Amino acid sequence: HKLKENRLEVSAHQQTLLNQLREVTGTTDVQLLQQALQVSNGDLAEAVAFLTEKNAKVPQQDEATYYQTAQITNDRYISVGSQADTNVIDLTGDDKDDLQRAIALSLEESNRAFRETGITDEEQAISRWVLEASIAENKASLKRTHTEVWSDSPNPHDRKRQDNCPVGLKNVGNTCWFSAVIQSLFNLLEFQRLVLHYSPPARMQDLPRNQKEHRNLPFMQELRHLFSLLVGSKRKYVDPSSAVEILKDAFKSSESQQQDVSEFTHKLLDWLEDAFQIKAEEDREGEKPKNPMVDLFYGRFLAVGVLEGKKFENTEMFGQYPLQVNGFKDLHECLEAAMIEGEIESLHSAENSAKSGQEHWFTELPPVLTFELSRFEFNQTLGRPEKIHNKLEFPSMLYMDRYMDRNRDITRIKREEIRRLKEHLTVLQQRLERYLSYGSGPKRFPLADVLQYAMEFASSKPVCTSPVEDINTTAPPGGTTAQLPPPARQAQQQQRVSIHKPFTQSRVPPDLPMHPAPRHITEEELRVLEGCLHRWRSEVENDTRDLQASISRIHRTIELMYSDKSMMQVPYRLHAVLVHEGQANAGHYWAYIFDPHQQRWMKYNDISVTKSSWEELVRDSFGGYRNASAYCLMYIDDKKPFLIEEEFDKETGQMLSGLDKLPPDLKEYVEADNKLFEREMEEWDALQARKLQQEKLALAAASEPFTSSQHDPEYMEHQSPTGDSKHLQEDTERAISKAAAEHDEKSPEALLNTALKVEYTRLLRLAQEDTPPERDYRLQHIIVYFIHNQAPKKIVERTLLTQFADRNLGFDERCKSIMKVARAKLELIMPDEVNMEEYEMWHQDYRKFRDATAFLLIGLELFLKKSYVEALMYLIYAYQYNKELLAKGPYRGHDEELIAHYRRECLLKLNEHAAVLFETGEEIEVNTGLSIMNELVVACIPLLLVDEMEEKDMVAVEDMRNRWCSYLGQEMEPNLQEKLTDFLPKLLDCSTEIKSFHDPPKLPSYSTLELCERYGQVVTSLTPSRTPADGR
């Protein structure tokens, strides 16, 4: 009897392998499949290689060799740890590379959803939107250098945590996968508590007994340190390098290789389970040790099946549950397919059948239920894995009742009812289609419309028009030409004398109607026909409505099939969504995590942690919209609130937060790190204070004896009567002359007061004038800028007085005396009358406005000359300066849309130029193109992403990324493939953290006249459609 059971298990295993091979390779020949298994001694990877070689679907010899050397371990199932005592398969063996992991995961997941999906060529083309790097290349040729990461801001205050905002994780080189998973687990407060309060075994002081302990226990300590910093750090983000380095050692791959989220999660949970198992074994008191990681993340399901007519039942353990995406529209469809394998009719029949299949029923669900969404599959035609971007919806609340073993009978009844309804639905849809696509030819139309058109034709009245001219000039007298008036006939004959058209000798009937209409129809015939057509059309419309209503009712019935209360007793709430953008071996990960206390979604994107929404999550996670889609879903048992509940002090009952949540050793660790950070901020502040003092001393040393002169802005105080000084001096002298002509009294003070009023009136008139963008009077005078922005009266007065206090103001006695009076008035202004800090701030803003203008005009000039590399930095800084100004008021800067447009266009031009250089394949051109992308385009993309409300910028970024992702499906030299694989993660990084740029380009010194003229010229030369209306 035991031998018979063993034979049954062996046969079941062989049948499973055959199903897997059939699903992955598409081969249906059973003998060929069995031959492949026999040749490969049961090794799935070698069997795949054998079949692909046999069918000549992978032409490259090195790919075949690559397959033959692949090894897949089968000692675990879905990364279940040492606590699992059932037959399980590990998908994360240390010595498997990308191809082996892809094949292993594809095989495992195909085993969960073995069915015919009926995917069309068009759907397959969509799923090939972004392709994996070719497996034909030698593994050594794919080694890459460190990925460039965002540099820290030198100002520590920029890196300071705001209030109790969540702490981010720094990307230390293609480690966004680490950040996404760790943040998702950290925000499970029960898991967070387990890690923080983990105490190493007492014997840890001795040397570790084995390699696992040597690796897992130090990692556990680094994870505790990392979690404690996420809890209590004063930094905006922390560095996870220590934990990452330990993990990277376990991955036998290039140091900067993008790791797969599911693989890393498997590895992480395995290590945590081992670490807690060591502790559990030490603490046990005669009973079986209990591992909290197993209790938290692992469940069990019952496999009920038939193999060659023999029924069987097995209980298996699972951790992360893999689901196929291709061919399904939502998560429930994925789960339904994963729970049924093969042909299962015999499971429910009394007769023994030769058919084989099995069902899975969950007997125990873990508190944390994780689904791996298989968004890649092995494309047999192309010989490589490919990413699937099909849309897959998932709910925020998932009810698992229909998949539980205790509901097996009722679920089977409901599934049978759904199957029957879907069959009926198919029949109704086919009938409806005959009404909506009527006809036997290639073009078909709704039958109701056909009848309507027939009715319109029948009721049309024939309206005859002049007969079409006969093309043959030798037509007999009864033809078309003979019927024309003599002059027209003569002109026509003269025109056609030399034309010979042998294929157009026939004449058009003379009574041809203007529009299609019946030639002969009686009133009685028309009445009968209209009555029939009207009645038939009404009948067709009623039939169509009835069919559509029936289809809607069936859809609604299917949707509500599991909505009764008895099937809504196992609720799981969505906790985290791990998103991947790019292709399977190059891309960027981030996570959306629900904050139950704030009742909102948060986006964790490396060092950036921002508020989000369900709408944003749907856009980035469902797929089908762009290159981004969910890769892993983490649900938590909604009936177990301890998973996300905060911890409370047992004595006071107060909720613990910050450092109070930490055990003594971690509290001390975080306090020490916070002190280091505080010291860094203090040193920065001291350094800035010294720089400021030095600047003040230098300014004081260079200033005139007049105390007020140190506050005079540089564009109003000049050493010689040239440039701006000459222009300003002429305006001032005109105002003085006009004042002298109007004023009888000749005292300098009276003249000064009148001249001030005259000049202010002139400037106010300029400020009130409605001007086009190319003639911006704000550039001509600071007072116009102040009036536009409603500067305080005292600041306007002092600024205008400074203009008349210019020591270069004329050489006649009248001007000199007015200058002296103006300087004396400046001296008499008391500190409490004008806030000098505010005064300086307004003048600094005007300096920034002029600088923004200079950046913009130079950038536009270079852009129009097609010098895009040189233009970019000017446009970048023009936008940044202008944005800072507009934050203070709508008239502080230039039109933001104009600058944003040319900044965006410049990046698109550079991206296109770099792509063209890459396509040449020449080493120098390729390196130049990638240098442009890395140093300019990639560095500037966060500037476009930081404001997600700007849709045009978002679309531009997608266009740039898609341009480079399109190369993934093309054949290219190995060195180009290596460069592309290294470059893509940088391009696809969705971090909005701004990289530190070089200092702004040095601006030339423009006079006011020159600045106005050049700005006017460049704005005038822009395409009219590219110059949005001025913001003023």
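When you look at A741, is it at pLDDT 80 or above and part of a helix (DSSP H, G or I), yes or no? Quick ask: steps written out before the conclusion?
Details: at pLDDT 80 or above: no; part of a helix (DSSP H, G or I): yes.
Spelling it out, it is not the case that A741 is at pLDDT 80 or above and part of a helix (DSSP H, G or I).
Being in contact (Cβ under 8 Å) with a residue 24 or more places away in the chain and either within 21 Å of L763 (Cα to Cα) or in contact with a Pro (Cβ under 7 Å, 6 or more places away or on another chain) (or both) narrows it down to one of V834, V821, so name that one. Steps first, answer last, please.
Numbers: V834 fails: either within 21 Å of L763 (Cα to Cα) or in contact with a Pro (Cβ under 7 Å, 6 or more places away or on another chain) (or both).
Step by step, each of V834, V821 is checked, and only V821 is in contact (Cβ under 8 Å) with a residue 24 or more places away in the chain and either within 21 Å of L763 (Cα to Cα) or in contact with a Pro (Cβ under 7 Å, 6 or more places away or on another chain) (or both).
Test Q729 against the criterion of being assigned to a helix (DSSP H, G or I), modelled with pLDDT under 80 and open to solvent by less than 40 Å² (accessible area, probe 1.4 Å), and give yes or no.
Details: assigned to a helix (DSSP H, G or I): yes; modelled with pLDDT under 80: yes; open to solvent by less than 40 Å² (accessible area, probe 1.4 Å): yes.
Criteria met by Q729.
Filter segment 627-665 down to the residues that are open to solvent by less than 80 Å² (accessible area, probe 1.4 Å), farther than 20 Å from A576 by Cα and either touching an Asp or Glu at 6+ places or on another chain (Cβ under 9 Å) or of a type outside the set (G, A, S) (or both) and list them by number. Give the derivation first.
Applying the first criterion (open to solvent by less than 80 Å² (accessible area, probe 1.4 Å)) to segment 627-665 yields 627-638, 640-641, 643-644, 646-647, 649, 653, 656-659, 661-663, 665.
Next, from what is left, pick out any that are farther than 20 Å from A576 by Cα: 647, 649, 653, 656-659, 661-663, 665.
Within segment 627-665, E647, D649, L656, S657, L659, K661, L662, P663, D665 meet the criteria.
Test of understanding: among V796, V821, V834, V784, which residue is open to solvent by less than 70 Å² (accessible area, probe 1.4 Å), of a type in the set (A, V, I, L, M, F, W, C) and part of a loop (DSSP other than H, G, I, E, B)? Steps first, answer last, please.
On the way: V796 fails: part of a loop (DSSP other than H, G, I, E, B); V821 fails: part of a loop (DSSP other than H, G, I, E, B); V784 fails: part of a loop (DSSP other than H, G, I, E, B).
Exactly one of V796, V821, V834, V784 is open to solvent by less than 70 Å² (accessible area, probe 1.4 Å), of a type in the set (A, V, I, L, M, F, W, C) and part of a loop (DSSP other than H, G, I, E, B), namely V834.
Consider segment 324-334. How many of its residues are of a type outside the set (K, R) and either part of a loop (DSSP other than H, G, I, E, B) or crowded, with 22+ Cβ neighbours inside 10 Å (or both)? Write out each step before concluding.
Let us first name the residues in segment 324-334 that are of a type outside the set (K, R), namely 324-328, 330-334.
Now drop any that are not either part of a loop (DSSP other than H, G, I, E, B) or crowded, with 22+ Cβ neighbours inside 10 Å (or both), which leaves 324-328, 334.
Selection size over segment 324-334: 6.
Hey, can you tell me all the residues within segment 371-424 that are surrounded by fewer than 17 Cβ atoms within 10 Å (Cβ to Cβ), among the acidic types (D, E) and in contact with an Asp or Glu (Cβ under 8 Å, 6 or more places away or on another chain)?
Within segment 371-424, E393 is the sole residue that qualifies.
Would segment 852-865 turn up any residue that is open to solvent by 30 Å² or more (accessible area, probe 1.4 Å) and modelled with pLDDT under 85? Can you show your working first?
Here is the first cut: in segment 852-865, the residues open to solvent by 30 Å² or more (accessible area, probe 1.4 Å) are 861-862, 864-865.
In the following step, the residues that additionally are modelled with pLDDT under 85 were identified as none.
Checked segment 852-865: no residue is open to solvent by 30 Å² or more (accessible area, probe 1.4 Å) and modelled with pLDDT under 85.
One residue is enough: does segment 576-584 have a residue meeting the conditions over 29 Å from M397 (Cβ atoms), in a strand (DSSP E or B) and open to solvent by less than 60 Å² (accessible area, probe 1.4 Å)? Before the answer, list the steps.
Our first condition is that a residue be over 29 Å from M397 (Cβ atoms); within segment 576-584, this holds for 582-584.
Next, from what is left, pick out any that are in a strand (DSSP E or B): 582-583.
Narrowing further to those that are open to solvent by less than 60 Å² (accessible area, probe 1.4 Å): 582-583.
Yes, there is a match, as at least one residue in segment 576-584 is over 29 Å from M397 (Cβ atoms), in a strand (DSSP E or B) and open to solvent by less than 60 Å² (accessible area, probe 1.4 Å).
This table checks each residue for (1) closer than 25 Å to S737 by Cα; (2) not β-branched (V, I, T).
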residue: I782; (1), (2): yes, no
residue: P792; (1), (2): no, yes
residue: E797; (1), (2): yes, yes
residue: R807; (1), (2): yes, yes
residue: C815; (1), (2): yes, yes
residue: L826; (1), (2): yes, yes
residue: E838; (1), (2): no, yes
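Do we have H424 as in a helix (DSSP H, G or I), farther than 19 Å from V540 by Cα, touching a helix residue (DSSP H, G or I) at 6+ places or on another chain (Cβ under 8 Å) and not aromatic (F, W, Y) here? Working first, answer last.
Values: in a helix (DSSP H, G or I): yes; farther than 19 Å from V540 by Cα: yes; touching a helix residue (DSSP H, G or I) at 6+ places or on another chain (Cβ under 8 Å): yes; not aromatic (F, W, Y): yes.
So H424 passes the test.
Any residue in segment 397-410 that is without any contact (Cβ under 8 Å) to a residue 40 or more places away in the chain and closer than 16 Å to Y635 by Cα sitting within a Cβ distance under 6 Å of a residue that is small (G, A, S) and crowded, with 18+ Cβ neighbours inside 10 Å? List the pairs, counting only those 6 or more apart or interchain.
none
If you take just the helices (runs of 4 or more DSSP H) that sit entirely in segment 888-956, which of them hold at least 1 residues that are surrounded by fewer than 16 Cβ atoms within 10 Å (Cβ to Cβ)?
Working: elements: 896-920, 923-932, 938-945.
Hits in segment 888-956: 896-920, 923-932.
Going by what's in this entry, would L272 be described as under 26 Å from R193 (Cβ atoms) and at pLDDT 80 or above? Even if it seems obvious, please write down each step before you answer.
Numbers: under 26 Å from R193 (Cβ atoms): yes; at pLDDT 80 or above: yes.
In short, yes.
Which numbered condition trips up Q688, out of (1) modelled with pLDDT under 90; (2) loosely packed, with under 11 Cβ neighbours inside 10 Å?
Answer for Q688: the failing condition is (2).
The values are calculated or read from the model by the stated rules, or taken from the named source; none is laboratory data. All values derive from a computational prediction rather than experimental measurement. No Cβ is skipped: glycine too gets one built from the backbone with ideal geometry, and neighbour counts run over all protein chains shown. For accessibility, only protein heavy atoms count, side chains too; no ligands or nucleic acids. Shrake-Rupley method; radii C 1.70, N 1.55, O 1.52, S 1.80 Å.
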